[in-house]
Structures are given as C-alpha cells and as structure tokens.
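The next block holds one structure in the form of structure tokens; read it before the comments.
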Amino acid sequence: MAPPIPVFSRSEISSKYREQLRNPDKYKCQLKSLTQHECTFKTSPDRSSPPEIICLPFKRLFQRCMVPTTIKENGKKRVVQRFINIEVTDSQTNRDLLDDKSKYGRDVQDFLNAERDFRKLLEMESEGNL
C-alpha cells in the first residue's frame, strides 16, 4: 500500500508551489502522467447474477521538480536537491471521459448507473429490506 500523502486543494497547490510552477526550467521540472482506474460494481437487485466490475481510466498529471531541501545528517543541517511531485491535474484533464462520443461515453453512463444502483442496494441492505 502506498504511504499516506496530504491532499491539497488547487489554490493550496498554487500557493505552496508557486515558484516551481512559474519557473519550471529553474527547477528542472518535467511533466509526468499516470493512469489510474476508478472501479465500481454493477449488481442485480435480486442477486441472480454475480456483480460485474466496471472500471474507468483517468489521468493524473504531475510536475516533477528538483528543489533544495534541508536535511539533518549526523546532527548537522545541510541542503540537498531532491525531486518533488506536484499534482497539476485539473477539471479539464479528463474531460474526454464526459464526451458522449468518446470511446468511454457508454462506459461512463454504465459506471454512473451502477454507482447509483449499488448505493440503493447498500441502503436497502442497511435498512433490512433485503
């Protein structure tokens, strides 16, 4: 499992990493990306068939920048250079998923419907109606 990391809002990132985002060459920044998948279950209310897993890919974008960092070594402080990853994913990064004409258009609708149905199923179970 990945170690926990803090989650920052867009404005916090812009404020905290202003210098690196404004001067990417100075910090030897490179744009990096990775694709993750968000998954859900498509269930049948009567449980007559096994759940189907529906997954959607989404991109995350990062600026990988070299920054000076103070470390303590043998009781002394010294400055070293290390890479940090600054997430720059925004609301436009995955806009193609929401386009009905994209190759994921139908999958997105299936995913949203499955999420809604799964939530209903869990609510019914918690209320003792199943």
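The values are calculated or read from the model by the stated rules, or taken from the named source; none is laboratory data. Since the structure is predicted, the reported quantities are computational estimates derived from the model, not experimental observations. Virtual Cβ from ideal backbone geometry, glycine too; neighbours counted across all protein chains shown.
Pairing each residue of segment 110-130 that is within 27 Å of LEU97 (Cα to Cα) and modelled with pLDDT under 85 with any residue that is polar (S, T, N, Q) and surrounded by 13 or more Cβ atoms within 10 Å (Cβ to Cβ), provided the two are 6+ apart or on different chains, yields C-beta distances under 6 Å for PHE118/THR43; LEU121/THR43. Do you know which of the residues in segment 1-50 that are aromatic (Phe, Trp, Tyr) and part of a loop (DSSP other than H, G, I, E, B) is nearest to LEU97 (Cα to Cα)? Checked segment 1-50; the qualifying residue nearest to LEU97 (Cα to Cα) is PHE8. Of all the residues in segment 72-105, those that are among the aliphatic types (A, V, I, L, M), in contact (Cβ under 8 Å) with a residue 12 or more places away in the chain and not in a loop (DSSP other than H, G, I, E, B) number 4.
Conditions tested, residue by residue: (1) surrounded by 14 or more Cβ atoms within 10 Å (Cβ to Cβ); (2) in contact with an Asp or Glu (Cβ under 6 Å, 6 or more places away or on another chain); (3) closer than 18 Å to THR35 by Cβ.
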| position | (1), (2), (3) |
| --- | --- |
| SER48 | no, no, no |
| ARG60 | yes, no, yes |
| MET66 | yes, no, no |
| LYS76 | no, no, no |
| ASP90 | no, no, yes |
| ARG106 | no, no, no |
| LEU112 | no, no, no |
| ASN129 | no, no, no |
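Taking the listed residues ARG78, ARG64, ARG82, ARG60, the one that is at pLDDT 90 or above and touching a Pro at 6+ places or on another chain (Cβ under 9 Å) is ARG82, with no other qualifying.
For segment 1-46, give me each residue that is farther than 30 Å from ASN129 by Cβ, β-branched (Val, Ile, Thr) and either loosely packed, with under 10 Cβ neighbours inside 10 Å or touching a helix residue (DSSP H, G or I) at 6+ places or on another chain (Cβ under 7 Å) (or both).
ILE5, VAL7, THR35
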